[in-house]
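Below is one structure, written out as structure tokens; comments come after it.
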Amino acid sequence: MISLCSRWTSNISVRISTRLGFYYYYPLAFIVVLISAFPASVLAQLDAVPNDNASRSVIPSSTGDNKSITFEAVFFTPYNPVTALDMVEQVPGFTLDEGGQLRGFGGTAGNILINGERPSTKNDSAWEILSRIPASAVSRIDLIRGETGGLDLRGQTVAVNVILGEDVDALRWEMKVRTTGNTDTVNPAGSVSKTGRWGTTRYTLGLAGGEDRFQQPRGVERLVMAGVVSEERFEVSDSQGRDYQGNLNTETRLGSALFHVNARGGREKSGDFEESSRKPSNPDAPRRIFLEADTSDTIFLDLGGDAEFSLAKDYTGKAIALLNYEDGTGRTSLQRLAADERFLSSSRAGRQTETMEIIGRFELDWTGLEGHYLEANLEGTFNSLENALSLFEDAGDGPRELPLPGANTRVEEVRWDMEFTHSWGPGRFVVDSGLSVEGSTISQSGDVDNERSFFFIKPRVILTYTPASGRQFRTRLEREVAQLNFNDFVSSTNFGDNQFDLGNPELSPENTWLFEFTFEQRFGEIGAVNLTLFHHWIDDVQDMLPLTGIFEVPGNIGDGRRWGVETEITLPLDRLGIVGGRLDFTGRWQDSTVTDPVTRRSRVLSGEGEYTVRMDFRQNLPDLYFSWGGMVAVESEIPAFGLDEFVETDGIADTLDVDIYAETTRWFGVRTRLQFGNILNRTFHRDRRVFSGPRDLTPLSFREIRNRKRGPSVELSVTGDF
């Protein structure tokens, strides 16, 4: 094991040293690729400004009440779309939302519909489903703003409805390779999907897979004690991943009945390996080498289906069934060696985790009253997690097994939810309201025997006002209940930070009252401004809860609040002389407060940053079959509070996250895209402060300060359909 790790570390060092400085040539390489991709005669045309009709396709059309905007398929032609996802991502003033981590099926609705229906699946994301549908299969995309009656949006105020053509037979495929500036590995990935019709059934069948290996010198991590660097840790790592999956989505119409089947299955394997060479500042102190490894192997299966049918005049029923299953194994180890690679001690753990979710749901719709839409829903859910963990320590005299309380256990939840919704649209107003009643029982067995019951009432009111074309006001008031992560009930190991993560069988779901007010203004063909003010009142905030002594568990620390502003802006750049150009801006700023259970003083919520900003630029030159653009992003650090520690992480420290790309459909209509990511080689920062006891009573014991760089990346993808 030691010799194997030594060879692995040696190989990494050689590979990294041969590629240092490579990313400095990325901008030059980008220019060379652009020049070589086009003949001189074509490049000369770049000086000619195409007329406005050439840079835009067709103007989007609005419904008479301005609550829905239709984008015909030809509108997206300048964006070189190959999949339905490519088209959705270019809808002006819209951001794809996969849905929240809420409870059951009804609470996890995203803002994507396909032919007016929400896919009967939870884990097969809208992003994945849309990426498998060829662009040629899309007839149009409707942007729905406020008018939600009859659509399964579950509190979403803005959504897109992807309308597919009736007779589509297309094969979509993609191949891509990616590498980074500090590794010589090339990571391949690919996917293929077939959309067609078999009898009365329309289907999309897909296969996807890829490998990912990422090597890097993680730089130096410094251990600071009493304000002085007491140890330097020179770190290198190797992360490997591999995943394969198959998917099937079908739609069958038999008379007035409509049936959907969704299936997804596959396997994911990953491995993370790190060597940390630790050099104390005291020359008399011994040097050490830490070898850490974490591997996992997971098989997953998701099955879902629904049947919609007419029961009687003005009554429609819909039955939904889902099964989600995962079976995973993992191993974690940490070896401590002397500088001469002599064994000192080790820790290792093996885990086996099986999770299952079964959902049954029935929806009854009534449209017997003009202008009104009523729906009643009944949902039942069974969730389970079974975990087994074995932990061993070896101090040089052989391994011995250690007990970890709460690690070998089974958690089950039985939940029911009954909901009534009503949509009413008088004139320029639309009122969507709903009332949901939920009850659940959570039981735990094994190392811990426990059972608890919960009951929640969840009302919702959404008011939409459209005073004029292109202008809209939306107000939302709703209570949401978060989905518990059953892993928080189970104890686990954390060798990297030299501690155990204990589970909490008394954890309760966090629930939040949300108030949001949105102003939307649209102008021109693609111009859009969305501004949202929000304030959230949170009950049973979930964070780290201190216990007696130095122990802590995931728990509920009291009530908290969150408030802030979000914005989404799409700006056409034609009037600035950038014909066919657009700028998309998204931003979020927030503040929050909760009472710290250790210091008893107010602080911000753990795991949430103060701001995030992203700008995307794109210019389409359809006469040249060419587009180019880029992305710039920045975000604040994210705090995390524990009993005896405080951690700040920042994924874009001291710089910006910048990507640039170029793509063309000049050859055979196939889209060829070259993207350079992280071209400024941003810093991933972590500052961990550990105290000798509770943060409010004891002095700082030490700090771990880490600044790592992952290196720029290059990705080439080729995507087409026929």
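The values are calculated or read from the model by the stated rules, or taken from the named source; none is laboratory data. In this text, all values refer to a predicted model and were calculated from it rather than measured experimentally. Reconstructed Cβ throughout: ideal geometry from the backbone, glycine too, with neighbour counts over all protein chains shown. All accessible areas refer to the heavy atoms of the entire protein, side chains included, with ligands and DNA or RNA removed. Shrake-Rupley method; radii C 1.70, N 1.55, O 1.52, S 1.80 Å.
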- prompt: Using the alpha carbon gyration tensor of the range 277-336, what are the three equivalent-ellipsoid semi-axes (square root of 5 times each eigenvalue), largest first, in whole Å?
  reply: 60, 13, 5
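Rounded to the nearest 0.05, what FRET efficiency do LEU531 and ALA395 have when you use their Cβ-Cβ distance and R0 = 56 Å?
Efficiency at R0 = 56 Å is approximately 0.40.
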- request: Could you please state, rounded to a whole Å, how far the C-alpha centre of the range 212-269 is from the C-alpha centre of the range 675-717?
  value: 19
statement: Amide H proximity to GLY642 below 5 Å, modelled H, separation 5+ or other chain, gives VAL647
- request: Report Rg (one decimal) and Dmax (nearest whole number) for the range 659-722, counting Cα atoms only, units Å.
  value: 22.7, 69
query: To the nearest 500 deg cm²/dmol, what mean residue ellipticity at 222 nm is calculated for the chain from DSSP H runs of n ≥ 4 alone, each contributing -39,500 (n - 2.57), summed and divided by the residues?
result: -2000 deg cm²/dmol
statement: Surpassing 24 Å at the alpha-carbon level, of the pairs LYS122/LYS318; LYS318/LYS458; LYS176/LYS269; LYS122/LYS313, are LYS122/LYS313
- request: Percent of Cα-Cα pairs per 10 Å bin, from 0 to the last occupied bin, for the range 317-383, please list those.
  value: 15, 21, 17, 15, 12, 9, 7, 4, 0
- prompt: Per residue and in Å³, how big is the convex hull formed by the alpha-carbon atoms of the range 515-651?
  reply: 127
field: Karplus-derived 3J(HN,Hα), 6.51/-1.76/1.60, for each residue of the range 310-317, Hz, glycine and proline x
entry: 8, 8, 6, 4, 6, 10, 10, x
statement: Sorted by accessible surface (1.4 Å probe, heavy atoms of the protein chains only), largest first, THR719, THR77 come out as THR77, THR719
message: Restricting to DSSP loop positions (anything but H, G, I, E, B) with no more than 16 other Cβ atoms inside 10 Å of their own Cβ, which GluC sites (Glu not before Pro) remain in the range 596-647?
response: GLU608, GLU610, GLU637
- request: For an R0 of 30 angstrom, estimate the FRET efficiency from the Cβ-Cβ distance between ARG600 and PHE429 and round to the nearest 0.05.
  value: 0.05
task: Return the Cα extents of the range 595-722 along principal axes one, two and three, sorted largest first, each rounded to a whole Å.
output: 69, 27, 26
statement: A correct Stokes-Einstein calculation for the range 236-306, using the alpha-carbon Kirkwood radius, 20 °C and 1.002 mPa s, returns a whole-number D in µm² s⁻¹ of 129
query: Counting other Cβ atoms within 10 Å of each Cβ, which GluC sites (Glu not before Pro) in the range 298-390 have at most 10 and sit in a DSSP loop?
result: GLU370
query: Under Stokes-Einstein, with the Kirkwood radius over Cα pairs standing in for Rh, what whole-number D in µm²/s applies to the range 171-325 at 4 °C and 1.567 mPa s?
result: 63
- request: Any chance you could run the full-extension gain for THR70 through LEU369? It's 0.36 nm times the residue separation minus the Cα-Cα distance, nm to one decimal.
  value: 105.0 nm
- prompt: For the range 706-722, what does the Karplus curve 6.51 cos²θ - 1.76 cosθ + 1.60, with θ = phi - 60°, yield as ³J(HN,Hα) per residue in whole Hz, taken in order and with x for Gly and Pro?
  reply: 10, 10, 10, 10, 9, x, x, 9, 10, 10, 10, 10, 10, 9, x, 8, 7
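Find how much the distance from ARG614 to ARG452 grows on full extension, using 0.36 nm per residue of separation minus their present alpha carbon separation; answer in nm with one decimal.
Gain on extension, ARG614 to ARG452, equals 54.0 nm.
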message: Along each principal axis of its Cα atoms, how long is the chain end to end? Whole angstroms, biggest number first, please.
response: 80, 70, 50
- line: For LEU605, other-chain or 5+-apart residues with amide H closer than 5 Å (H placed, Pro excluded) are SER592, THR593
Calculated FRET value between ASP497 and ASP340, using beta carbons and R₀ = 25 Å, to 0.05: 0.40
message: What does the net charge come to around LEU205 if you take all other residues with beta carbon closer than 10 Å to its beta carbon, with K and R at +1 and D and E at -1?
response: +2
- prompt: If you find the alpha carbon centre of the range 532-592 and of the range 604-619, how far apart are they in angstrom?
  reply: 8
query: With each pseudo-label sitting 7 Å past Cα toward Cβ, what's the ASP97-TYR315 distance in nm, one decimal?
result: 3.3
message: I need the per residue convex hull volume for the range 454-503, using only the alpha carbons, in cubic angstrom as a whole number.
response: 133
